[in-house]
Amino acid sequence: MEMQFENLLSQVTDFIKSEAKSETIVGQPFTLGNFECIPVIRVGLGFGTGGGEGDAPKKAGHGEAGGLGAGMGIEPIGFLVSKESEISFISTKTNQGLSAAFEKVPELIDKYFEMKKQPVEEVA
């Protein structure tokens, strides 16, 4: 069983080496006018293994089992862009407005509770 596990692990590792590249997901680096652009990706990996063996009751037989699982997530996150000696990162994410809104949440909550403390004025 040990050889099968090592073989499976080797196959998974080879697959990750061949697939987890920005060239595979986004493409090759490219030139745009005076700018050199290099795609950047984020890679997340997860592995799980298990195995066991044992004898059945009353010596009816012997059993072995094993398993291996892996998951991989790959996401393009932006581009490294260079022009002469200047290098910058351009994100593919456009949630900057949402991030700014979440930064304001504590301030908005404080204002809400201040308004709740003030007495309600009657309309004449």
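Looking only at residues that are exposed (fewer than 11 other Cβ atoms within 10 Å of the Cβ) and either among the aliphatic types (A, V, I, L, M) or touching a helix residue (DSSP H, G or I) at 6+ places or on another chain (Cβ under 8 Å) (or both) in the stretch 46-81, which one is farthest from residue 7 (Cα to Cα)? Only one residue fits best here, namely 60. If I ask for residues that are hydroxyl-bearing (Ser, Thr, Tyr) and either surrounded by 15 or more Cβ atoms within 10 Å (Cβ to Cβ) or not in a strand (DSSP E or B) (or both), which ones from the stretch 83-92 would you list? Hits for the stretch 83-92 are 85, 92.
This table checks each residue for (1) part of a helix (DSSP H, G or I); (2) at pLDDT below 80; (3) farther than 29 Å from residue 93 by Cα.
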{"residue": "7", "(1), (2), (3)": "yes, no, yes"}
{"residue": "24", "(1), (2), (3)": "yes, yes, no"}
{"residue": "31", "(1), (2), (3)": "no, no, no"}
{"residue": "39", "(1), (2), (3)": "no, no, no"}
{"residue": "48", "(1), (2), (3)": "no, no, yes"}
{"residue": "51", "(1), (2), (3)": "no, no, yes"}
{"residue": "58", "(1), (2), (3)": "yes, yes, yes"}
{"residue": "71", "(1), (2), (3)": "no, no, no"}
{"residue": "78", "(1), (2), (3)": "no, no, no"}
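The values are calculated or read from the model by the stated rules, or taken from the named source; none is laboratory data. Treat the numbers as computed from the prediction; the structure is a model and nothing was measured. In this analysis, Cβ positions are derived from the backbone assuming ideal geometry, glycine residues included, and neighbour counts consider all displayed protein chains.
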